[in-house]
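Trainee: The structure is given below, and queries will be raised subsequently.
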Amino acid sequence: MKCAVLTGKRKFETKEMPEPLAKDGKVIIKIKRAGICGSDIHYWDLGEPKGLVLGHEYCGVVVDNGSREDLKVGDRVTGLPISPCGHCEACRTGNPQYCRETWTYATGLSLTNPGALAPMISVRPDMVLKVPDNVKDEEMAMVEPTAVGLHAIHLADIKVGEKVLVIGGGIIGLVSAMFAKQEGASLVVVSETNQARGKKAVDLGVADKYYDATDENMMKEVLQDTNDGFDVVVECCGNDKAVTSALMSVKPGGLVILVGVSLQPITIPTVVAVMSEVTIKGAIAYTKEEFQTCIDLISSKKVEVMKFVDDIVGLDGVQKAYEQLTSGTSDAVKILVDPNK
């Protein structure tokens, strides 16, 4: 089968790979749609590990139900890409997202479990979830990033009337902003270096306004809009400037949620957090319950995710899609892949 394979720094190639085998009770899924995630872009930027087949956001149909007797061939499904051990304290308390083994064999993030930039994948049976009949394939491919945003906002514990800044207008940032508004935030602002994405956040109705993160007068806007800083800042970029901006923009005693991931060390002014007694929380992935909640929200039409989808490309379009998403000028935030296209 043809797959989009990471072969070097910022480079994909379409290569032939063997179809996954039905073993260890795993469910074999024919992929209908896969999403391109911000964390995927980090791997693409580094070009490592070579030979990786990315794609941990997906929807498909069951080809082989493995050990899942409640599934049958043809069922529409999605799944969590994580690989928790199931017996550590994190797993026992319902937080598999920070199990020490969660990312070791993660689907689409490890060489041992190729992802959904391929026609077929194999998935741990306990991570597979059925898709409601009234939900489109494209919508189900959006569950995973939606769950990341929901988890971040759950950790933020936003109170009605609070003011929230989201740093980064990619898909995680926009979904986080959407949920912040639903939680009753009186002001939701997205800051972005890409003005097209910033404007899009407002046009889509998930943000009340946006800040140009390259504007040296941005902090003046922060103080004008909040008096003393935002109650909550959700940082969705993971670089030095973004995290520093988060610390500078939050009010004394406020909360910063770090969602953005950097694969390299970053430098930030911790003195700002110390002097203002800022609370900083990391946010990684989601619980299984939050993942299911997002399926339910999309199915019940309480959350609209199709407005975030900009394009659907085939495997041959993956390279250009990544280039578009990292151009710094395009307003695209989510491009899906049809590996059969």
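The values are calculated or read from the model by the stated rules, or taken from the named source; none is laboratory data. Computed from a predicted model, the values in this text were never measured in an experiment. Every residue, glycine as well, gets a Cβ built from its backbone with ideal geometry; the counts of neighbours run over all protein chains shown. Just the protein is used for accessible areas: all its heavy atoms, side chains included, with ligands, DNA and RNA removed. Shrake-Rupley method; radii C 1.70, N 1.55, O 1.52, S 1.80 Å.
Trainee: Identify all residues within the range 225-237 that are open to solvent by less than 60 Å² (accessible area, probe 1.4 Å) and among the polar types (S, T, N, Q); write none if there are none.
Mentor: Thr226
Trainee: I've got another one for you. Considering only residues of the range 200-210 that are farther than 30 Å from Leu263 by Cβ and either assigned to a helix (DSSP H, G or I) or of a type in the set (D, E, K, R) (or both), which is most open to solvent (accessible area, probe 1.4 Å)?
Mentor: Asp203
Trainee: Of all residues in the range 98-118, which are crowded, with 20+ Cβ neighbours inside 10 Å and in a loop (DSSP other than H, G, I, E, B)? Give the steps one after another, and end with the answer.
Mentor: So the first thing to find is which residues in the range 98-118 are crowded, with 20+ Cβ neighbours inside 10 Å, and the list is 99, 102, 106-109, 113-118.
Matches in the range 98-118: Cys99, Thr102, Ala106, Thr107, Gly108, Leu109, Pro114, Gly115, Ala116, Leu117, Ala118.
Trainee: Another question, then. Within the range 248-266, work out how many residues are within 11 Å of Gly238 (Cα to Cα) and more than 18 Å from the chain's Cα centre (by Cα).
Mentor: Count: 3.
Trainee: In addition: Tell me, please, whether a residue that is open to solvent by 20 Å² or more (accessible area, probe 1.4 Å), touching an Asp or Glu at 6+ places or on another chain (Cβ under 9 Å) and either outside any helix (DSSP H, G or I) or in contact (Cβ under 8 Å) with a residue 60 or more places away in the chain (or both) can be found in the range 33-44.
Mentor: Yes, there is a match, as at least one residue in the range 33-44 is open to solvent by 20 Å² or more (accessible area, probe 1.4 Å), touching an Asp or Glu at 6+ places or on another chain (Cβ under 9 Å) and either outside any helix (DSSP H, G or I) or in contact (Cβ under 8 Å) with a residue 60 or more places away in the chain (or both).
Trainee: Restricting attention to the range 52-96, which residues are outside any loop (DSSP other than H, G, I, E, B), of a type in the set (Val, Ile, Thr) and open to solvent by less than 40 Å² (accessible area, probe 1.4 Å)?
Mentor: Across the range 52-96, the qualifying residues are Val61, Val62, Val77, Thr78.
Trainee: From the list Val164, Val135, pick out the single residue that is β-branched (Val, Ile, Thr) and within 21 Å of Glu289 (Cβ to Cβ). Explain how you work it out, then say what you get.
Mentor: On the way: Val164 fails: within 21 Å of Glu289 (Cβ to Cβ).
Criteria check complete, one pass: Val135.
Trainee: Considering only residues that are more than 16 Å from the chain's Cα centre (by Cα) and either open to solvent by 40 Å² or more (accessible area, probe 1.4 Å) or polar (S, T, N, Q) (or both), look in the range 273-288 and name the one that is nearest to Lys241 (Cα to Cα). Walk me through how you get there before you give the answer.
Mentor: Keep residues of the range 273-288 that are more than 16 Å from the chain's Cα centre (by Cα), which gives 273-281.
Add one more test, that the residue is either open to solvent by 40 Å² or more (accessible area, probe 1.4 Å) or polar (S, T, N, Q) (or both), and what stays is 274-277, 279-281.
Values: Val274: 18, Met275: 19, Ser276: 19, Glu277: 20, Thr279: 18, Ile280: 16, Lys281: 18 Å.
The extreme case among them is Ile280.
Trainee: Here are some conditions: (1) farther than 25 Å from Ser299 by Cα; (2) at pLDDT 95 or above; (3) open to solvent by 40 Å² or more (accessible area, probe 1.4 Å). Ile167 meets all but one. Which one does it not meet?
Mentor: (3)
Trainee: Next question, about the same structure. For the range 184-199, which residues satisfy the criterion of being surrounded by fewer than 22 Cβ atoms within 10 Å (Cβ to Cβ), among the aliphatic types (A, V, I, L, M) and within 27 Å of Glu139 (Cβ to Cβ)?
Mentor: Matches in the range 184-199: Ala196 only.
Trainee: Which one of these is assigned to a helix (DSSP H, G or I), farther than 21 Å from Gly238 by Cβ, at pLDDT 95 or above and open to solvent by 30 Å² or more (accessible area, probe 1.4 Å): Lys159, Lys181?
Mentor: Lys181
Trainee: Let me ask something else. Lys72 versus (1) closer than 22 Å to Pro20 by Cβ; (2) in contact (Cβ under 8 Å) with a residue 60 or more places away in the chain: which is the lone unmet condition?
Mentor: (2)
Trainee: Hey, Thr270 hits all of (1) in contact with a Pro (Cβ under 9 Å, 6 or more places away or on another chain); (2) surrounded by fewer than 23 Cβ atoms within 10 Å (Cβ to Cβ); (3) β-branched (Val, Ile, Thr) but one; which does it fall short on?
Mentor: Among (1) in contact with a Pro (Cβ under 9 Å, 6 or more places away or on another chain); (2) surrounded by fewer than 23 Cβ atoms within 10 Å (Cβ to Cβ); (3) β-branched (Val, Ile, Thr), the lone unmet condition for Thr270 is (1).
Trainee: When you scan the range 211-224, do you find a residue that is part of a loop (DSSP other than H, G, I, E, B) and open to solvent by less than 30 Å² (accessible area, probe 1.4 Å), even just one?
Mentor: Scanning the range 211-224 turns up no residue that is part of a loop (DSSP other than H, G, I, E, B) and open to solvent by less than 30 Å² (accessible area, probe 1.4 Å).
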